[in-house]
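As structure tokens, the structure follows; a few thoughts come after it.
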Amino acid sequence: MCHFSDCCACFVIRLDMWLMAATDCLEYFPDQLIVITGEHLSQQCADEKQRMNMQKRLLFDTISKYYSQERDPLLTDRYFDIHMGIMELFEKDKGHQAFEASQLCLRLLEPNVRDELRRLLAFMAVAAEPEGYRLQKQYDNSSVVCRTFQKAIVHNKSMSKTKTDQLVLFLMENHTELFKTPVSLIETVTKQLQTLQQGRDPDTTAAFTFCQQLTVEQYEEQRELATMKQLQQLIQDLTQNTTLHTGETDVKKKPVASNTGNPVCFHSSL
């Protein structure tokens, strides 16, 4: 990979936070694009402020053009349900849980994707500052940045535009903290390690459970209810199937009824 800092940093006068975030973002760009961008940045300009503004315009246009290409969003549909759940938590004023859920969700991304997203969000945050370089005269910087890079971050037709805007804005405004490991997770792992060091079973002090523990009686009751419900649905479907003659329906019902071991299951569906 051709490092942008090696090719172009020497042309950036008095590198400020805006330019630093932009050059950091370009690290994942194709080598050829980096070289071309570096050549444009090397153009001379007598006025320092004018040159810096020219560099910012060039970098913003380069980054926006790259991310406007047809490509998969950095937050893929694989985690769509998680993203929707996070937005629901915000709607229910559960901001802390939503924040930790976002941190955990970002940890699920591939390392290179997570790092690219981190760089992009950092650049977006700096470029969105109202007192920074004005990207467009008719719109504020935040609106321009979110609209420009929204599809590069998350793009799912099942998510409303309002929710998508809210999610992107939340990620951009909290990018410095979102890529950190949740404090609660660190504390939990620490306790589990201490439990192991003390020779105790870590399962007895597990902070997270992924299923509900049931007694044998509760399991048998749920199993029977679920079985009866499915069998009743099957018999009902057979009864309502207009493509079958009455004789065929009765023939298909008999093995179902005989296998239930409970006549209630059969008769309650008739």
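General observations
The rows are residues; the columns are (1) farther than 25 Å from Ala101 by Cα; (2) modelled with pLDDT of 80 or more.
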| position | (1), (2) |
| --- | --- |
| Thr195 | yes, no |
| Arg200 | yes, no |
| Thr204 | no, no |
| Cys211 | no, no |
| Leu214 | yes, no |
| Gln218 | yes, yes |
| Glu221 | yes, yes |
| Thr227 | yes, yes |
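- Of the helices (runs of 4 or more DSSP H) contained entirely in the range 24-139, those carrying at least 3 residues that are open to solvent by 80 Å² or more (accessible area, probe 1.4 Å) and without any contact (Cβ under 8 Å) to a residue 12 or more places away in the chain fall at 48-67, 80-91.
- Count of the range 142-160 residues which are modelled with pLDDT of 90 or more and either more than 27 Å from Glu88 (Cα to Cα) or open to solvent by 80 Å² or more (accessible area, probe 1.4 Å) (or both): 2
- Residue pairs whose Cβ atoms lie under 8 Å apart, sitting 6 or more positions apart in sequence or on different chains, and linking a residue in the range 216-235 that is in contact (Cβ under 8 Å) with a residue 12 or more places away in the chain and in a helix (DSSP H, G or I) to a partner that is among the hydrophobic types (A, V, I, L, M, F, W, C) and surrounded by fewer than 14 Cβ atoms within 10 Å (Cβ to Cβ), are Met228/Val264; Ile235/Leu270.
The values are calculated or read from the model by the stated rules, or taken from the named source; none is laboratory data. Predicted, not measured: the structure shown is a model, and the values here were computed from it. Don't worry about glycine lacking a Cβ; one is built from the backbone with ideal geometry, like all the others, and counts go over all protein chains shown. Each accessible area value is taken on the protein alone, full model and side chains, heavy atoms only, with ligands, DNA and RNA left out. Shrake-Rupley method; radii C 1.70, N 1.55, O 1.52, S 1.80 Å.
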